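In what follows, a single structure is set out as structure tokens and then discussed.
The values are calculated or read from the model by the stated rules, or taken from the named source; none is laboratory data. Treat the numbers as computed from the prediction; the structure is a model and nothing was measured. Every residue, glycine among them, receives a Cβ derived from its backbone with ideal geometry; neighbour counts consider all protein chains shown.
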Amino acid sequence: MSVAYEPLSPRFRDDPYPIYRRLRDEAPVHFAPEARMFCVSRHADVGFVLKRADLFSSAAMTTVLSGADFGQMGPRYVLGLLRFLIKTRINPLQVRKRKALISVDGARHETLRGIVNRGFTPSRIAGWEPRARAIVGTQVRKLGRGKPFDVIEDLAIPLPVTIIAEMLGVDAGRRADFKRWSNALVSFMSGAARTGAVDDGPMQDVGELFAFLRQTVRERRRHPGDDLVSVLVDPARDGVLDELDMVQFVVLLLVAGNETTTNLIGNAAVALLEHRDVLERVAREPERVPALVEEALRFDSPIQMVFRTVSEDTELAGTRIPRGAVVAALLGSANRDERAFAEPDRFDVARDTRGHLAFGFGPHFCLGAALARLEARVALEALVPELVHCKRVGERNARIDSFLVRGRAHLDIVEESDV
């Protein structure tokens, strides 16, 4: 009996890991007919796909994540799309021609990556640790006041949203907008809004974000400061991003930087609450928090898959993949592959996690990985001692609606004395 798996379907989102195991054992390169793509599930094969940009182009990141199904769109949604294009003054043909960092390869990718790396040097990232600790300290103090503490809303969201907003030099009053825009992007690219299954609200939120960013870029070109936008667009510097490149980069930053960190923290907290022995060990041995971060990334990866376009006829794990086909590289499956990690379904902060693919691999390795690790480490250092005395309450299966991003919409906890 063949494995029935569709990577874009919500069917397996609550717990994809059993079907991932079946794929690795029975169909390591599986063709999903509804999505019309090949799903690669073993660690070695996923690593090969990510490393070989000459054979597997990242162009599919644009075609898949912007691939609305026009056949399912109602008149209201189509009108919303037109309003979006008018509001943002975006020429779809220009966007198609000028692809974002995440979906280009070769010399163009190297050029863009070289420019944006200015904002993510080790010294710049390290410089954010005191601010991260201040944010976490303020948020964690809300725990234990006799009412539920939502790890997601009260900690995992405010930390990366505030850091990213401050990196971009955005006024504090717009930080709630940044989270709303981030949610809209996830829904628009990989959730219900992608197919027109909901109203056009997320699309209009994305349009609002684009308009805001274009105005911000123009202001920083005229009056540059020391924020990330200025660093990347100041015309006095050699090699800067133009307006469209900068807007596309911030969109990437909101999803890859904001959502990844939020769900890394949330997924780590869930794993600890479901493995009390591990939680108590990390509480006794706080020096294990960095290892906890890496194991959480491996065990329940916040980004479950990335997409590639095959540049020439290729054979992988005995399966021929034709030129032009789309490949879904299943990061979540690769990180649970028993061929790479012993007892992969066991949550173990003492294991060697080297080689996990949660941040990708090769030329498109996640630009913000160091920042995400820093934020998660700081958050968990403060949260772990509190979690020891807490229990989960409320809805346990409220997940983000996304085939790309894996995480909880809410994670309510209370001190056991308050239960």
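Observations on the structure shown:
- Residues that are among the aliphatic types (A, V, I, L, M), farther than 21 Å from P16 by Cα and in contact with a Phe, Trp or Tyr (Cβ under 8 Å, 6 or more places away or on another chain), drawn from the range 273-320: V278, V310, L316
- Residues satisfying the stated conditions in the range 1-28, i.e. crowded, with 17+ Cβ neighbours inside 10 Å and in contact (Cβ under 8 Å) with a residue 40 or more places away in the chain: P7, L8, P16, Y20, R21, L23, R24, P28
- Any chance E381 is more than 25 Å from D15 (Cα to Cα), touching a Phe, Trp or Tyr at 6+ places or on another chain (Cβ under 9 Å) and touching a residue at least 24 places away in the same chain (Cβ under 8 Å): no
- Look at the range 221-238: where a residue is within 18 Å of I125 (Cβ to Cβ) and surrounded by 18 or more Cβ atoms within 10 Å (Cβ to Cβ) and a partner is at pLDDT 85 or above and among the hydroxyl-bearing types (S, T, Y), sitting 6+ places away or on another chain with Cβ atoms under 8 Å, you get V229/T216.
- Residue list for the range 104-132, filter: outside any helix (DSSP H, G or I) and either in contact with an Asp or Glu (Cβ under 9 Å, 6 or more places away or on another chain) or in contact (Cβ under 8 Å) with a residue 40 or more places away in the chain (or both): V104, D105, W128
- Residue within the range 388-410 that is in a loop (DSSP other than H, G, I, E, B), among the small types (G, A, S) and without any contact (Cβ under 8 Å) to a residue 12 or more places away in the chain present: no
- Of residues in the range 381-404 being closer than 14 Å to V151 by Cβ and of a type in the set (D, E), the one modelled with the highest pLDDT: E386
- Segments classed as strands (runs of 3 or more DSSP E), wholly inside the range 236-334, with at least 1 members that are touching a helix residue (DSSP H, G or I) at 6+ places or on another chain (Cβ under 9 Å): 305-310, 314-316, 326-330
- Subset tally (residues that are out of contact with any strand residue (DSSP E or B) (no Cβ under 6 Å at 6 or more places or on another chain), surrounded by fewer than 19 Cβ atoms within 10 Å (Cβ to Cβ) and either at pLDDT below 95 or under 15 Å from V326 (Cα atoms) (or both)) for the range 29-54: 6
- Of all the listed residues (G71, G67, G80), the sole one being buried (at least 19 other Cβ atoms within 10 Å of the Cβ) and modelled with pLDDT under 90 is G80.
- Whenever a residue of the range 312-323 is at positive phi, its partners that are in a strand (DSSP E or B) and modelled with pLDDT of 95 or more, lying with C-beta atoms within less than 7 angstrom and at least six residues away or across chains, give the pairs A317/V29.
- Test for S190: is it within 16 Å of V251 (Cα to Cα) and at pLDDT below 80: yes
- Residue, nearest to the chain's Cα centre (by Cα), within the range 117-137, restricted to residues that are at pLDDT below 95 and either under 29 Å from D412 (Cβ atoms) or of a type in the set (S, T, N, Q) (or both): N117
- Residue that is surrounded by the fewest Cβ atoms within 10 Å (Cβ to Cβ) [pool: residues in the range 130-151 that are closer than 19 Å to G368 by Cβ and in contact with a helix residue (DSSP H, G or I) (Cβ under 6 Å, 6 or more places away or on another chain)]: R133
- Note on the range 309-353: residues that are under 20 Å from the mean Cα position of the chain (by Cα) and within 24 Å of L292 (Cα to Cα) total 8.
- Residues that are closer than 14 Å to S311 by Cβ and within 21 Å of the chain's Cα centre (by Cα) were ranked within the range 97-108; the one that is modelled with the highest pLDDT is D105.
- Some residue of the range 334-343 being more than 23 Å from E6 (Cα to Cα) and surrounded by 16 or more Cβ atoms within 10 Å (Cβ to Cβ): yes
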